[in-house]
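Encoded as structure tokens, the structure appears first; notes follow it.
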Amino acid sequence: MIKKLLPLVFIICLMPSLLGPGALLASNGLTVLNSTAEIDFPARLVFSIAAESDAAITDLRLHYMVDRMEHARIMSEVYVRVTPATSVTTQWVWDMRKTGGLPPGSSVSYWWTVTDANNRVVKTALTRVQIEDRRYNWQSITEGEVTLYWYRGDDYFARELMSATQGALARLAENSGAELENPISIYIYASAGDLRGSMIFPQEWTGGVAFTRYGIIAIGISPGVSDMEWGKRVIAHELTHLVIHQVTFNPYNDLPTWLDEGLAMTAEGELESVFATALYKAKSENQLISVRSLASPFSVYTEESMLAYAQSYKIVEYLIDTYGREKMFQLLSTFKQGSGYDEALERVYGFDMDGLNTKWQAAFQGAAVP
Ligand SMILES: [Zn+2]
């Protein structure tokens, strides 16, 4: 179903969980008159409060938490400097340019604690503020657990991207048994420039970003044929990172990079020729990277990282083709328990990363160059 989102939705939604709108909090003479949070996306989140009392207000604290997948909730507390007075109106600005930004569609929960000179304390209700990028007029389409937001291009454009998304999810389930456990949101910016404008520390190459802990993807795709194929691949790739993150979430260990990136690459479809070229060049020059090296984050040098992605694709493809999807799912489940890299492989396949390296390279060397 496609629906136009009312601009109202993107005016900050304040949803007090305990109090109705307009309710005030009071403790005898101490009263919170007003409390709001407003996003100036992507740079700032401004928390404002007004309170009064018959004794001087001496202490103001803001408590907030970012809503995301976390092993333990992290609550931040800010002491807001206040000149003692019976009436106080002030604000605290979260400057994201100092901390890094939050993705569109994320949310922050917060409350205030106000204390006066008579030691009376008032705590405001826990309130959630949605972080939305109101610079654009978003529309949305939802299918299953996926909601796709876009602001340029017609319904057909959105449906095409949604069908690519559903296709990638099906392919991932087919390859690895991994499926989405929680809803996700995909934000389609109309260009790489618009996407970069939504980020605090964008990198020059940023075409798509997976905010795995938030279940959010942001991508720059302009409507039109030229960007479409690329866009579908990026969605499939980043989407896989989200799903894999959900199904392997644990406090102990990340996945080896070759597995995470290899699954993302295979979800895209066939290996693109530019990657294949890097792969067969390295094969002929005996320059293949070991599976163990590929477990660490990839090189930032383009040529080497191309090869790393291409090899990851091949290694994952080898594991799935040779040992099947059940084993791949078992491997992911083993990682969810926080297993080490060698230990997980050993348990599921009976060989460690060096063993895998020997086996896949032998298979690859023996295979004909397509
Ligand atoms: Zn990736």
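The values are calculated or read from the model by the stated rules, or taken from the named source; none is laboratory data. Please read all numbers here as calculations on a predicted model, not as lab measurements. As a convention, Cβ positions derive from the backbone with ideal geometry for all residues, glycine included, and neighbour counts pool all protein chains shown. For the accessible areas, the whole protein counts, side chains as well, though only heavy atoms, and no ligand, DNA or RNA atoms are used. Shrake-Rupley method; radii C 1.70, N 1.55, O 1.52, S 1.80 Å.
So the values come out like this:
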{"item": "Spacing of the two label points (7 Å from each Cα toward its C-beta) at Asp154 and Arg292, in nm", "result": "5.7 nm"}
{"item": "Prolate/oblate/rounded call for region 174-234, Cα gyration tensor, a/c under 1.5 rounded", "result": "oblate"}
{"item": "Gyration tensor verdict on region 258-298 (Cα atoms; rounded if a/c is under 1.5, prolate if a/b is larger than b/c, oblate otherwise)", "result": "oblate"}
{"item": "Which of Lys283, Lys327, Lys123 is most accessible, then next, and so on - probe 1.4 Å", "result": "Lys123, Lys327, Lys283"}
{"item": "Value at 222 nm in deg cm²/dmol, rounded to 500, when DSSP H runs of n ≥ 4 in the chain each add -39,500 (n - 2.57)", "result": "-12000 deg cm²/dmol"}
{"item": "Solvent-accessible area of Val88 with every protein chain in place, 1.4 Å probe, in Å² to the nearest 10", "result": "10 Å²"}
{"item": "Scattering curve values for the chain, log₁₀ I(q)/I(0), Debye with Cα scatterers, q = 0.14 Å⁻¹", "result": "-1.16"}
{"item": "0 to 90° range, to nearest 10: angle between helix 257-268 axis and the chain longest Cα axis", "result": "80 degrees"}
{"item": "Helix axis angle, 353-366 relative to the chain longest principal axis, alpha carbon, degrees", "result": "50 degrees"}
{"item": "Residues in region 36-59 reached by a label modelled at Tyr79 [backbone nitrogen below 15 Å; 7 Å Cα→Cβ]", "result": "58-59"}
{"item": "Kirkwood Rh in Å, taken over all unlike Cα pairs in region 152-274", "result": "14.9 Å"}
{"item": "Interchain or long-range residues, amide H under 5 Å from Ser107's placed H", "result": "Asp67, Ile131"}
{"item": "Packing-based order for 107-115, 248-256, using average beta carbon neighbours within 10 Å, highest first", "result": "107-115, 248-256"}
{"item": "Mean-position separation - Cα centroids, region 208-254 and region 102-117, in angstrom", "result": "28 Å"}
{"item": "Ala56 versus Glu270: modelled label distance in nm, points set 7 Å from Cα along the beta carbon direction", "result": "7.7 nm"}
{"item": "Square roots of 5 times each gyration tensor eigenvalue, C-alpha, region 232-370, largest first, Å", "result": "23, 18, 14"}
{"item": "Label-point gap, in nm, between Glu38 and Thr89 - each point 7 angstrom along Cα→Cβ", "result": "1.2 nm"}
{"item": "Relative contact order of the chain, pairs being alpha-carbon contacts under 8 Å that are 6 or more residues apart, as %", "result": "13 percent"}
{"item": "Sulfur and carbon atoms: percent of accessible area, region 230-343 [1.4 Å]", "result": "49 percent"}
{"item": "Residue-normalised accessible area of the chain, expressed per residue, 1.4 Å probe, Å²", "result": "47 Å²"}
{"item": "Length-normalised contact order of region 249-341 in % [C-alpha pairs under 8 Å, at least 6 apart]", "result": "49 percent"}
{"item": "Region 46-119, accessible surface, carbon-and-sulfur percent (1.4 angstrom probe)", "result": "48 percent"}
{"item": "Degrees, to the nearest 10: 155-176 long Cα axis against longest axis of the chain", "result": "60 degrees"}
